[in-house]
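Read-outs: derived from the displayed coordinates by stated rules, not from any lab. Every value quoted in this text rests on a predicted model; they were computed, and no experiment measured them. In this analysis, Cβ positions are derived from the backbone assuming ideal geometry, glycine residues included, and neighbour counts consider all displayed protein chains.
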Amino acid sequence: MSNEALCVINGITPIHIKIDEIGRLYEITQGIGTQYDRDMELGNWTHPATHIKTIDGEEESLHPIQAYTDGSKSDLGVGAGVVILLDNNIIKTMQYRLNYRCSNNQAEQMAILKALEYIQNVESDEKILLVHTDSKITLQLLQKKKKHIKLIDQIRTKIQEMEQREWRVEFRWIKAHAGHRGNEMADQQAK
C-alpha cells in the first residue's frame, strides 16, 4: 500500500497535496500580487518601438469616439467604470467589480482595457479614439517601455491590434472631479 493511500485511510492529507495547498495560500495572501499586477512573460511583451500617444489640453475634443474611464477603491469594494461616446452621444456604459485585493490603479487600467475591447468592434466611418483617464500613473506606465505589468501590456497589445485594424488611439489625462460629464459618469459606474 502506498504512503498516499495510508494517509487517506487515516484521514491525513498527503504531504504533496498539503505543500501545494500551503503554496497556493501563500501566493494568494503574501505572493507577488494579484493576477493583474504580475510581470508579463518575456514572450508576451509588446514591441519596444510601440508608442502610446497622449495629447494635452482641455479644449473640446473633435475625436468621433471617446471613452471616459475610471477606477475606484473604497470600503464598498473595487470597481471600474467606462462611458463611451460616439459623436458626443453616449452609446455604452460599463461597470465592473474587481477582487477586493485589487488597487485603484488596477481598476483604472481594467477600465481602459475593457473600453478598448468594446470599442474595437464599434462601427464608425472614422476609427479615431480618444481615451480620457484621470490616472496619471497609468499613463506614465503606458509610456515606460521597460515596464511589463500584465494589465499595462494587455492595454498595449490591444492598442497594437486596433492600430493593425486602422484605428488611431490617443490618451488624454483629465483632472478628476472637475466637472467633465463623461468622467463624472465613469466615476459613478466605478463605485
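Are any residues in region 109-137 in a helix (DSSP H, G or I) and either surrounded by 24 or more Cβ atoms within 10 Å (Cβ to Cβ) or at positive phi (or both), and if so, which ones?
Passing the criteria: Gln109, Met110, Ala111, Ile112, Ala115, Ile119.
Could you grab me the full set of residues in region 144-173 that are over 19 Å from Leu85 (Cα atoms), over 15 Å from the mean Cα position of the chain (by Cα) and part of a helix (DSSP H, G or I)?
Gln160, Glu161, Glu163, Gln164
Just the residues that are surrounded by fewer than 21 Cβ atoms within 10 Å (Cβ to Cβ) and in contact with a strand residue (DSSP E or B) (Cβ under 7 Å, 6 or more places away or on another chain), please, taken from region 75-97.
Selection gives Gly77, Leu86, Ile90, Ile91, Lys92, Thr93, Met94, Gln95, Tyr96, Arg97.
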